[in-house]
Amino acid sequence: MKLTDSILELKGIGDKTARLFQKLDIFTVKDLLHAFPRDYDKFEDICTVSELKTGEIAAIKGSVVSVKPLKKVRNLTILSVLVRDNSGAVQLTFFNQPYLKNKLFPGISYYFRGVLQVKNSQLVMEQPAIYSAAEFELIRNSIIPKYNLTKGLSNKIVTNSVKQVLKEVTLTEDYMPDYILKRYHLCDIYSAYQGIHFPESFEHLVEARKRLVFDELFMFVYMVRREKGHAEKLPNGYFMKDTEVLNHFLEALPYRLTNAQMRTWQEVSEDLSSPYLMNRLIQGDVGSGKTIIALLALLKVVTNGYQGALMAPTEVLARQHMESFSELIKAHNLPFKPVLLVGSMTAKEKREAYEALKSGEANLAIGTHAVIQEKVEFNKLALVITDEQHRFGVKQREALAGKGAFPHVLVMSATPIPRSLAIILYGDMHLSVIDELPANRLPRKNCVVGTDYRPTAYRFIQKQVEEGHQAYIICPMVEASEDEDNKLENVIDYTEKLRECMPENMRIGYLHGKMRPAEKNRIMESFSQKALDILVSTTVIEVGINVPNATVIMVENAERFGLAALHQLRGRVGRGNAQSYCIFVSSKDDKKTMERLDILNKSNDGFFIASEDLRLRGPGDLFGIRQSGDFDFELADIYQDADILKSCGELAEQIIEEDPDLLKPEHAGLNDYFTSGHWNRLDFRSI
């Protein structure tokens, strides 16, 4: 079996199952091999009820004391079961599983496994898994992978399919040279795949992950370094100077730029007038004022007779940029002639925008990635500004060069990456940091709480809505998995439960990344236009939506997210004049978890938070913490894996200096890896 074979070649996978896999972007054997577990279940031995700890998953052996009559609440069927062992009792709650009423009998012992919660002073397990003695004995003390799933696709099907691949696939000789494996103490690639999917121990898992993370980071950094020489010294074909309009606008601003903003603007302005094209990253915390720098850069470009483009990650944000620019144009009589370019526009609207850009009638394009698509032709494009979701690299530049444009590039990022790591990750770009916030910003009020705080939080959110504001609630999962994930809140079920406990006139919607783009845009548009009061969402709202009226964000299972991710999420509120609030709900209340989350209470400085995240992560956090930002790595996390990233940076520099074209015999495997197209699976977006 080859890596390029279709998953239909696997036993047990027919057309119907293949379509389910395809929903998860798994088409080939290699895709399946790279569908790494999102988490692992370590089946410890059973404990007594008295030994259970809030927020932790555990198994108990208990006798059923009583089974209450089924309770129907709108779309939910609720079954409550009381279970006891020699040390105490716990209530089990099952949703939409009425058949269990006829399968759980008083006086009979069962094994139950789930997460303990405290509700109304009572110990509760919601949706625990149920095992017979024989079933539990088979999985006791094992580490079982938990995969991303979709409805109809069980963890068992994915597990069996991966086992089949590892048994039958032909993996060629390791592409990583022996001297690298020895120098960095890395296992071979087959052992890495085996260990990441089916580890025999925690140590085996750590070893496997280290190898795969090393590969992922090295390939990324190597490609960045290799292309650095191609992009660094391109001649600037656009003559620019400061203009009267630009200087007048700076003087007319109703606020003073911070020192960091002024320093960054000076660097950008000098780049635009230098002998070489700009390739610069602006790193700035949420609310630090990156957008005004972008506007000044575009103003310098258009007042010198050229065109600019501003790319946003979503249609909603692109439209918001368009509205903001239109207001500024009107208020300050600015010479911008903008056109909008987004996917949902009609063919006629797009055609008119294309014609305006091609003729030069429009000097600014604002939109999504549609701005640089094939049909778009510019007259004198001199500057492309993108956010962190659209890393703009050599291939995009070459595509525009084919249309007669070789523009300056400015990338804006709100991901708070410590400078030492940013220099490695953005090695092909010059770096500007806006490290102070405008003085007039109201700091957000934060709290880190346990799950028993939920009713209080709901009352607070209700009060905020009644005062005319809006709220976000963030869940880590889209929907309950086929093999029920007991630890994580999911958007679909949470929305239903929230509707049950909120007033009927409360307008509640939900949003997640599996929705069609048009549906996502519709929901975000509804929320931004105040047609929804509460938006339950995954982290898809982290970028791409700006709602100044939203004053509360509540994050469920906060312990599952990196601190930098949580900091970016709370950047969704506090964008207006009203006081804003962030509620981080942790389902674990152990000292280490609460200490880590408490960093968010102490600081609103994203760079400090990122450095603390780097310091506080430990070996036990290797899996399960969800980080975010503009690097869509499969396994690597730039905070957790900072030391590996630094090693990869040093190695990439050494190889490019000594063997830039990978012609030495020891680099033959690496050369083949890149040229054969295997690299595509890691999806290096910036090239």
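Taken together, the values in this text are just the output of simple stated rules run on the coordinates, not laboratory data. A quick note: this is a predicted structure, and the numbers were derived from the prediction, not measured. Note that each Cβ is placed from the backbone with ideal geometry, even for glycine, and that neighbours are counted across all protein chains shown.
A few comments on the model shown:
- Restricted to Cα atoms, the stretch 44-141 shows a radius of gyration and a Dmax of 13.0, 40 angstrom.
- Sequence-distant residues sharing a close amide H with residue 87 (under 5 Å, placed H): 49, 50
- Relative contact order of the chain, taken over Cα pairs closer than 8 Å and 6 or more residues apart, is 15 percent.
- ³J(HN,Hα) computed for each position of the stretch 585-596 - Karplus, 6.51 cos²θ - 1.76 cosθ + 1.60, integer Hz, glycine/proline x: 9, 9, 8, 10, 10, 6, 4, 5, 4, 5, 5, 5
- Less than 5 angstrom separates the built amide H of residue 111 from those of 131, all sequence-distant by 5 or more or on a different chain.
- Net charge of neighbours whose Cβ lies under 11 Å from the Cβ of residue 67, counting Lys and Arg as +1 and Asp and Glu as -1: +3
- Pairwise FRET efficiency - residue 355 versus residue 243, Cβ, R0 = 25 Å, nearest 0.05: 0.40
- Neighbour cut-off at most 14 other Cβ (10 Å), DSSP loop, GluC sites (Glu not before Pro), the stretch 172-224: 173, 200
- In terms of its Cα atoms, the chain spans 86, 69, 47 Å along the principal axes, sorted from long to short.
- With the charge dipole of the chain set up from +1 on Lys and Arg Cβ and -1 on Asp and Glu Cβ about the Cα centre, the Cα lying farthest toward the positive end among the listed residues 531, 568, 601 is that of 531.
- Averaging 1/r over each pair of different alpha-carbon atoms in the stretch 445-603 and inverting the result gives 15.7 Å, the Kirkwood hydrodynamic radius.
- Cα-based Kirkwood hydrodynamic radius, the stretch 271-353, one decimal, Å: 14.6
- Estimated from helical segments only, the mean residue ellipticity of the chain at 222 nm is -11500 deg cm²/dmol, where each DSSP H run of four or more residues counts as -39500 (n - 2.57).
- C-alpha long axis of helix 454-466 to longest principal axis of the chain, angle in °: 40
- Separation of the alpha carbons by more than 23 angstrom is noted, of 53/119; 588/646; 210/514, for 588/646; 210/514.
- Local net charge near residue 47, Cβ-Cβ under 11 Å (Lys/Arg +1, Asp/Glu -1): -2
- Candidate aspartates and glutamates for bridging to residue 72, where Cα separation is under 20 Å - those fewer than 8 sequence places away on the same chain excluded: 126, 493, 496, 500, 504
- Amide hydrogen neighbours beyond the local backbone of residue 514, cut-off 5 Å, H modeled: none
- Straight-line reach from residue 233: taking Cα to Cα under 14 Å and skipping same-chain neighbours fewer than 8 places apart, the aspartates and glutamates in range are 271, 428.
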